[in-house]
Structures are given as C-alpha cells and as structure tokens.
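Working notes, beginning with the structure itself.
The values are calculated or read from the model by the stated rules, or taken from the named source; none is laboratory data. What you are looking at is a predicted structure, and each value in this text was computed from that prediction instead of being measured. Cβ placement follows ideal geometry from the backbone for every residue including glycine, while neighbour counts extend to all protein chains displayed. Just so you know, the surface numbers come from the protein's heavy atoms only, side chains and all, with ligands and any DNA or RNA stripped out. Shrake-Rupley method; radii C 1.70, N 1.55, O 1.52, S 1.80 Å.
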Amino acid sequence: MTVFHLRAAGVSLVLDTRGTAARILHWGPGLGDHLPTEDPFVPAVPPSSIDVPLRLSLLPSLSEGWTGRPSLSAGEFRLIGAHSQDDNTVLVRHASADSTQEVTTELELSPQGVLRLRHRLANRGAGEIVLPCLDVLLPIPDEASELLDFTGLWSHERQPQRAPLRHGVWSRESRHGRPGHDDAFLMTAGEPGFGFRKGRVWAVHLAWSGDKRIWAERSALGYGVLGAGELLSPGQIGGEVRLAPGESYETPWLVAVFSDTGLDGLSDRLHPWIRAHSPARLPRPVVLNTWEAVYFDHDLGVLSDLADAAASVGVERFVLDDGWFAGRRDDKRALGDWYVDSSLWPEGLHPLIARVKKAGMDFGLWVEPEMISPDSALAAAHPDWILDGGTGPTWRRQRVLDLTKAHDYLLERLSALLTEYPIAFLKWDHNRDLLTSHSGRQTRALYRLLTSLRARFPHVEIESCASGGARIDLGILELVDRFWTSDTNDPLDRQSIQRWTGVLIPPEYLGGHLGAATAHVTGRTSALGLRLATALFGSAGIEWNLTAASESERLDIAAWITEHKRLRPLLHTGRVVRADSPDPAHLLHGVVAQDRTHAVFALVTLGTPRAALPPPIRLPGLDPDRLYTVRPIGVPPRTLQDAPPLWLAAGSATLTGRVLAEVGLPAPLLTPEQALLLELT
Ligand code: DGJ
C-alpha cells in the first residue's frame, strides 16, 4: 500500500498505509510537494517499553502498545485495504485478527482545509458484538499544549475555559441527550497564548446531537491526541450498541480543523465549508418571535396588533411561539397534543396568518415534537410511547417521547399542520435533558424524522432550539436552517455567547434578537443602541412587545432593520474577524467581505476601561494595500469626553488597511455597555 497525502488550502494530512495498520503521520500545516519515500518517522524505542517503536494507528489500542484512551476497546486490528476515492478522500479498512469485525475509516479533506473522519464497524461474524466505544482520534503535536473548550448553563452557553494540557486526559462528556448548555463544542489545543488572530491551533467538533465524549490527551508515552465519539454506554453496564451478524455501527463525523492564525483562522475554514455543505437560505428574513412579547397570552387581537407593529418596522417573518395548541395555557402541560387550541383559536390559526400575510410577512410556528406532557391526551392514548416508561424526574413538568415509536404520529401531525397552514418556518424546541441510556437511538430517530419532514416540505425552514442554545452542532445542522443561540436577549451576555458560538457557526445561522430594554432573563437594562448593534450581525429578529415601544424606539428599530437588510449580504457571506484585546472591557468584532472591499465592525464596551484613553481601534482582516473610508453607522453610543477624536468629529477617516490594522483609529470614550458600529467602504 501507499502513503496518501491529502492537501487543501494550506493543510496537509499524511496517511501511511504501508504497514500492518494505517497511521496519520501528520495533520497540520501544508507540507508542499515533497513526501519522503523512506520512513524517517519511525521513532526511537525508549527503555521500559514495548520492544518495537510505538506509532499511533487510526485505531489506537492496547494491542499496539497505546496505553492512552483507546479508539476501540477490544482486539487487534490489521490493515486490509486502503484506496482514495478522489484527490481528497481516502477509505481505509482494518479487520480483527479473526476477521469477524471490520472497520472502515473514511477521511476527507475539504477544499477549505476542513478534515472529516468517521469509522464504520461491521459485524462479519456469527455472534453478537457489544460495542462499548468507537471513537475517532487525531494526533496533535507537542506545541499544542494549551486547551480551550467550552462550558455554560441555561442562558450562558459557550463560556470559554482554558487550561494547560498536561499529562493525562481532559475529557468532556455529555449525557444530556443533547449537546447541552455546557457543551464542550470545539475542543481546541494550541500553542500557548493563542488568540483570535494568532497562534497555531488544532480543533475538533463532533457532528452529533446526542451523548458524546470529546477529549484531549497528552500521554507520558510522548503522543498527544484529540478524540471524540458518541457516548455509547452512558453509565449503563452492557453498552448501548449491540450488533447482530451483518449489522454495522457508524460513528458521527469528527470535524477537525487546523489554523496557524488563531481562532479566526479556524472560522476562516469552517465558515466557508459549512456554507458550502449546508447552505443557509439567504437572505435571512428579519423575524419577530412572540415568546417574550406575550408568553402564553395568546389572543388574536393582541397578536394581530403585534403583527401590524412588526410589519410597520420592516419585519419579514412572524413566529408564533409556545402556547397555541390544545390545552397549553402554561409550560406545565399539553405537549404532544399538536392540534390548534379551538377555544383560543375557534377559526384555527387562519385569521392570524391571514393578517400576517396581509402585512407582507411569512409565518412561523413553534413546536416541541420530541416531548410529551404526562397529562396530555397523547400520554393517555399511548402511555407506552413515553421514553423509559416515564421513570426518573420530570423536567419542566415534561417527559420525553420515544421517537422510535412516535415517528409516524409526529410526521402525520406536523404534516397536517404544514399542509393546512402556509407555514414557512418551524421553531423546533427541545426543553429537557433526556436522562436516558437511549440517547443514540433517540438521536437517530430524530434525524430520521427531520429527514422525512424535510423531504415532504423542502421549502419549510427549521430552527434548532433547545432551551436556547443547548443543541448547536454540525450533526443537526445538516437538517436545520437556523439555531436559536440562547434564551437570553441581554446584549452583554449575547456579545460573549455569539462571539464564541461564532468560532464554529457562521453568523447567518445564529438567531439574535432585539429584546426589551430590561432583559427578561437577567433583569438588566441596556441602551437600545447596544441591543441593536448586538442583534445586527446574525439572523436578526425581535423578541419584544413592539406595541409597547415608544414612537422614537420604533423609528430607531425601523432604521436598524433597513440597515440590516442593506448589510446582510455582507454580514452573511463575509469573513468573521475578532480582535484580541488586552482590556476585557473592550470587544471588537466585525465582518469583512470576501473581496475585502467592504466591512462592518462593532466596538463594544462591556465595562469601565482600564485607562483614561482606551486603546486605538485596530481593525483586523482588511486588505493592507486598499484605502478604506471608515464611518460610524447606527444609533450613536453614549460617550463621556470633552472632545471626540478628530476623525469622528469630522465624520469619517480614510486610511489603508495596513494603517487601520497596525496603528488603528483613536477610540471615542464610550461609557460602559455601549457599542460603536463602523462601516468601511
Ligand atoms: C424555550 C425556548 O428557548 C424559548 O425561546 C421559548 O420558545 C420557550 N422554550 C417556549 O416554551
């Protein structure tokens, strides 16, 4: 066999299939054309070790001397075949010594330099195989000694955490039956001190919406790895996956990225790849979602006024949130009974939808199909459809519907709604952890349901929402169009949540809404300018009772929507850039057009700056040799200064990209919790 060299966009993957097992010799910076013909990679044999050089295979395990966390728990696998399907895809096959198990590994390097890997294990024997784990591992070099991953809680998703990668395993396991608010999200290892714009980094994400583990390991043996896989036996003895003869198990894709320009370099590969792989339907319509406007107070008159108010400021999609279906008066009941409540809606949703349509908007509807309330008619009719028989605690007073049993019912009910009503968008919610050992089965059944629904209604967009952002992953993104990023609309919290979620997910997939002045979740009051600037960049919307907004607020909102519509072709196709700031009170982020002719930046003050004069606004990612005119746009932020910087007093400045990046423009003295938006042409 041979050495495969996959190359794209400055990334190389070298896979050696000449021995008894396939080995990744290199994953990282591009290596150019020359590949050694000899094998200079064979390492020394240390004292007190196995008597042959230790080299990590694609399926590292005890049988080859790897005492770190293995890929596959049992047995010795030998290479039986490898071939490339095209320039950037290789299929490798290993078999167990007794040939009863065969593992096929698919490796694929995209034109953007994004690597994907997955294994498929087939039972070729006569007996059952119980599979406790099958994980995908990738080697990382010794310089990758600092880790970044994420944690969080409801309304505080994707909080970054950093630590040195010492000897041992740093493993994050999700047993939520969804990635969870504390999802590790993107396990990143880099050279110490890496930031948004600097440093070499290697990162992996598991494209999977169920239980999983994702880890980094540095072994005293001398190797480092990043690994991930579905958590197959989350606390249960015996394992979840049992393969009968002829059956096979396929792992989720491990998505892996390398960058030598920090975290923005990861986004520079991931965003174009995601855009090519699961394209968003552009332009993203501006949404009004009724949740924080009315909660469960569903009244045709109130909602019609809200729809008119939404249309008058330029909203394009009106989404009716929770509370419309039979018996749903609060969040304690009725999940599963997906029939329009006839006492609230005697003529169905038709009058509201007619009003929405007449106002020029399309209509979206909230659903939570995977759940069931114990007091619902569905639970009375099908008690056996409750996952795990309804044992364990309820959560938000609800239980989980076993999708392997309820698939046809849900498909029929959702199809009936989508057929009766002109619904353009489903907000698909999921408000509890599963707390089951059947997360894998349930997740596959969910994917199947979404696939069937999309095949029937390809024009209907779906949003993945899970108590905010507890299910944001590249597995479900193959089947949805938008993520609800978080339940908090507090702009300060949103700045951080969106910044970090956006390392992986491009902005057009991330719902960000303008909330009321006093955020419902935090009780914190924020200026309209900061709220608008925060919701400008993503898939924008409103989550506020606009009928209670003042006339001047409505004018500002209408102007903001006009600006968003003008800028969204840039915001939703451009390169996302984020500056590293030594002062935690300052955040700078922006989007630069792919041809670098146009850009929008936001300078945000989270708190009180450290110095009387804040650092200059240095704008990354521009064309160094191009002249840009920088102008403020949007609602002017509050400042406290005796005189503004000269260029702002003059209204604009024209400088090269190089000067803007290296010297920067003097910043105005924004008071805390303000945002200055800048447009560059
Ligand atoms: C949780 C979601 O994240 C909210 O936006 C809202 O849809 C509620 N569920 C409704 O119950």
Amide H contacts under 5 Å for I617, placed H, 5+ residues apart
L665, A667
Percent breakdown of C-alpha pair distances by 5 Å bin, ordered from the shortest bin, for segment 287-569:
1, 6, 12, 17, 19, 18, 14, 9, 4, 1, 0
Per segment 577-680, sqrt(5λ) over the Cα gyration tensor eigenvalues, sorted largest first, in Å, gives 21, 15, 12
So if each residue of separation counts as 0.36 nm, and I subtract the Cα-Cα distance between E420 and S550, what length gain in nm does that give?
43.1 nm
Hey, with R₀ at 41 Å, roughly what FRET efficiency would L62 and H277 work out to, going by the Cβ-Cβ distance, to 0.05?
0.70
Average accessible area per residue (Å²) across segment 84-216 - probe 1.4 Å, nucleic acids and ligands excluded:
34 Å²
Kirkwood radius from Cα pairs of segment 54-277 plugged into Stokes-Einstein at 4 °C, 1.567 mPa s, gives D in µm²/s equal to 71 µm²/s
Any aspartates and glutamates with Cα under 17 Å of the K565 Cα? List them, leaving off those in the same chain fewer than 8 positions away.
E316, D362, E508, D556, E679
Between Q641 and D384, what FRET efficiency comes out of the Förster formula 1/(1 + (r/R0)^6) with R0 = 60 Å and r the beta carbon distance, rounded to 0.05?
0.30
Of all beta bridges DSSP finds with both residues in segment 287-569, what is the antiparallel percent, to the nearest 5?
20 percent
What trypsin sites (Lys or Arg not before Pro) does segment 86-192 have in DSSP loop regions with at most 14 other beta carbons within 10 Å?
R166
Please work out how much length the chain gains when fully extended from S343 to R124, using 0.36 nm per residue of separation minus the C-alpha to C-alpha distance, in nm with one decimal.
73.0 nm
Of the peptides 498-507, 243-252, how do they stack up when ordered by the mean number of other Cβ atoms within 10 Å, highest first?
498-507, 243-252
Cα shape, segment 480-624, gyration tensor, a/c 1.5 rule:
oblate
With a probe of 1.4 Å, find how much accessible area segment 577-680 has per residue, and write the answer as a whole number in Å².
46 Å²
How high is the FRET efficiency between T522 and A558 when r is their beta carbon distance and R₀ equals 22 Å, given to the nearest 0.05?
0.25
Which cross-chain or sequence-distant (5 or more) residues have an amide H under 5 Å from the amide H of Q101, H modelled 1.01 Å from N in plane?
S96, R124
When DSSP beta bridges are limited to those with both residues in the chain, what percentage is antiparallel, rounded to the nearest 5?
80 percent
Vicinal HN-Hα couplings computed from phi for segment 92-107 (Karplus, 6.51 cos²θ - 1.76 cosθ + 1.60; Hz; Gly/Pro x)
10, 10, 10, 10, 5, 4, 8, 6, 7, 10, 10, 10, 9, 10, 10, 10
Would you mind checking K405/K427; K212/K405; K358/K427; K332/K358; K357/K405 for any pair whose Cα atoms are more than 32 angstrom apart?
K332/K358; K357/K405
Rounded to the nearest whole Å³, what is the per residue volume of the convex hull around the Cα atoms of the chain?
161 Å³
Mean accessible surface per residue for segment 288-426, computed with a 1.4 Å probe while every protein chain stays in place, in Å²
37 Å²
Please list 3J(HN,Hα) in residue order for segment 146-157, calculated via the Karplus relation 6.51 cos²θ - 1.76 cosθ + 1.60 where θ = phi - 60°; whole Hz, with x for glycine and proline.
10, 10, 10, 9, 10, 9, x, 8, 3, 6, 9, 6
Could you please state how large a percent of the accessible area of the chain is carbon and sulfur, counting protein chains only and using a 1.4 Å probe?
53 percent
What are the ³J(HN,Hα) couplings of segment 25-33, residue after residue, when phi is run through the Karplus curve with 6.51, -1.76, 1.60 and θ = phi - 60°? Round to Hz, x for glycine and proline.
7, 7, 9, x, x, x, 10, x, 7
Label segment 28-76 by shape, choosing from rounded, prolate and oblate, from the square roots a ≥ b ≥ c of the eigenvalues of the Cα gyration tensor; if a/c is under 1.5 it is rounded, and otherwise prolate applies when a/b is larger than b/c, oblate when it is not.
oblate
Can you tell me the order of 453-464, 210-221 when each peptide is scored by its average per-residue count of other Cβ atoms within 10 angstrom, highest first?
210-221, 453-464
Amide H of G469: which non-local residues (sequence gap of 5 or more, or other chain) have their own amide H closer than 5 Å, using H built in the peptide plane?
S155, S486, D487
